[in-house]
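The values are calculated or read from the model by the stated rules, or taken from the named source; none is laboratory data. Because the structure is predicted, anything quoted here is derived from the model rather than measured. Because the Cβ atoms are built from the backbone with ideal geometry, glycine has one as well, and the counts that use them run over all protein chains shown. Protein only, heavy atoms only, side chains kept; ligands, DNA and RNA dropped before computing areas. Shrake-Rupley method; radii C 1.70, N 1.55, O 1.52, S 1.80 Å.
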Amino acid sequence: MQGTIARVCMVVAAAILNHPLLFPHENTTLPEQDEDLVARMREHEEMLEMEHARLAKELAQLDSELEETSSDQGFSWYFWSAVSFVIFLAIEMCRADIAEDEIRPVEDEDVISETVSVPPRMMDKNALRNFCDKCAYTSSHENWKVREFVEGFADDLLESLRSMCDREVDMEVGDFIGVGSMFESWKVCQPLMCDLLVPFTPPDPHSFQYHLWCSSSSDIPPDMQCSGTIKVTMFGENEEACLCGSANLGEDVLCLLHNKNKVVKVNRSPDELLCSSGTHFLAKDQIMRWFQIAVTKAWAGISHKYDFEVTFRSLDAAGALKIRFRSGKVIVLNLIPVVQLEDTNAYFVSYFPSDHNSFPDPYWPLSLAVCERNLLKYLAKRLPQNSCHLHCLQVATFLHRKQLSLTGESALTSYHFKTAMVHLLLSTKTSAWGTASLEHRLQDVFSFLQKSLQEKRLYHALIGNRKVPRDIRVPERFRKAEPINLFRSLVLRRKLYAATVRHFQEMLRNAPVLIEEYTPYLSNGC
């Protein structure tokens with residue numbers, strides 16, 4: 001009797017454990033809305049119920065005839081238990097096969113697992129050397145002429161702009177500063193583009209106060225890293241017992257405390273000071289509107305002196321100019337209004353020519369482009385003669401630019417390749433950057449960027465990096481700040497991340513073909 005009960009318990013337990021509704025969320029990869037799968041599971045459930053009912057009926061018969069046919073029924077129970085076990089095992093295997101056949105949603109790990117590893121020999125060494133020779137020729141024989149022309153034209157244009165501005169009301173424009181690939185000697189592709197930072201300051205007696213994301217009392221949102229706000233204030237407005245900056249005391253009243261030689265100016269409204277509506281924080285859109293009008297007037301005053309056409313490339317970028325000569329040659333000139341952070345080489349920029357993800361007002365992105373230019377000059381003096389670091393950057397950005405025309409949108413920019421190379425320059429021996437090591441260093445750049453994409457983490461080359469030499473004069477507050485992840489946007493934007501990974505994969509695959517195909521045309525521009 002005990003053996004019979006034990007066998008019955010085993011069958012019932014097996015039926016319960018294999019019931020498809022016992023763990024409804026056990027396999028999270030099964031889609032709950034698959035009608036075909038649900039129907040099949042119901043058929044399995046009905047079959048189990050029928051089997052369980054039949055076994056229960058046989059159990060009742062066994063209770064009445066136990067003494068007469070105990071040995072025969074015992075064999076029958078063992079037989080049916082074995083049959084039930086085989087049926088349940090078949091059901092489980094069927095369920096497992098169905099689950100494996102279902103399509104899972106694409107995860108980041110799936111994208112990464114397909115990432116193409118950088119091959120040991122990515123392209124023919126002779127083809128690579130030929131490409132770099134053409135690049136060097138173009139840079140040395142054409143780019144310096146373009147820089148010389150742009151600097152002379154920008155000087156003339158800004159001088160005309162200053163002459164048309166009202167110094168009592170308008171912002172005061174300073175001298176430009178050349179930054180970017182053209183002024184760092186790694187520009188390779190057409191059109192020839194020059195980026196010039198144009199600092200400006202407020203009219204007297206106003207001044208700027210800066211609030212950075214890395215300040216201890218900062219209220220800037222986390223997604224606005226590497227940015228700050230600029231507040232327009234009156235000189236001495238926080239000092240007690242002085243009304244010179246906040247009241248109209250008349251034309252003949254002088255303030256002996258602050259400036260004994262100038263007549264006190266009347267306080268102006270935020271709109272007059274190009275601030276955001278209802279605040280005293282400087283607004284980028286207001287500045288760009290003012291700057292575009294000023295540049296238009298300035299060009300109208302000197303256009304008779306030049307034999308070429310100047311147009312605005314974009315209404316969203318105030319100083320994005322296109323210079324077209326009669327020969328058809330085009331030069332792109334980006335005059336970028338900026339605010340200098342105190343007396344440092346850091347600048348708040350109104351827009352980035354190559355970045356479409358601008359911060360909303362009143363937040364201004366911070367640029368250390370001048371420090372980066374100085375760092376490359378500093379390192380070039382310590383690298384071997386005819387070092388390959390600029391050639392690495394030329395090849396990488398050339399491949400990236402050509403691949404963009406094939407695969408479309410990507411989060412990668414030339415600045416990311418430059419950042420990867422700067423990290424490698426600061427972490428490897430200078431002797432490793434000889435001209436004969438071009439192929440290996442190029443592979444290092446791609447490997448570094450591939451790992452950064454895999455981890456969705458590429459830190460800013462200067463902010464929070466203690467390896468940067470102090471001779472570069474990176475402000476101490478930025479040297480000690482937390483590192484800035486340039487790939488932060490890829491963490492949440494999964495579609496953009498997948499597109500960026502595919503872009504990088506295809507770029508590596510197409511590298512040999514692109515190098516060999518475009519090398520003959522580099523001397524004429526690409």
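Values computed for the structure shown
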| item | result |
| --- | --- |
| Projected label distance in nm at Ser163 and Leu404, using a 7 Å step from Cα toward the beta-carbon | 3.7 nm |
| Extended-chain gain in nm, criterion 0.36 nm per residue less alpha-carbon gap, Ser218 and Val491 | 95.9 nm |
| Extended-chain gain in nm, criterion 0.36 nm per residue less alpha-carbon gap, Tyr518 and Ala300 | 74.5 nm |
| Ser358-Glu43 FRET efficiency (beta carbon distance; Förster radius 56 Å; 0.05 resolution) | 0.45 |
| Net charge contributed by nearby residues that have their C-beta within less than 10 Å of Ala318 (K/R +1, D/E -1) | 0 |
| Solvent-accessible surface (1.4 angstrom probe) belonging to Lys377, in square angstrom, nearest 10 | 110 Å² |
| Vicinal HN-Hα couplings computed from phi for region 386-397 (Karplus, 6.51 cos²θ - 1.76 cosθ + 1.60; Hz; Gly/Pro x) | 6, 5, 9, 5, 6, 5, 4, 5, 5, 5, 4, 6 |
| Lys/Arg +1, Asp/Glu -1 at C-beta; region 468-518 dipole; positive extreme among Leu490, Val513, Val501 | Leu490 |
| Karplus 3J(HN,Hα) series, Hz, for region 464-472 with 6.51 cos²θ - 1.76 cosθ + 1.60 (x for Gly, Pro) | x, 10, 6, 7, 5, x, 5, 5, 6 |
| Extension gain, Glu309 back to Thr233 (0.36 nm per residue minus Cα-Cα distance, nm) | 23.4 nm |
| Nearest-20 debye value, region 469-512 charge dipole, Cβ charges on Lys, Arg, Asp, Glu | 160 debye |
| Projected label distance in nm at Asn130 and Thr201, using a 7 Å step from Cα toward the beta-carbon | 5.5 nm |
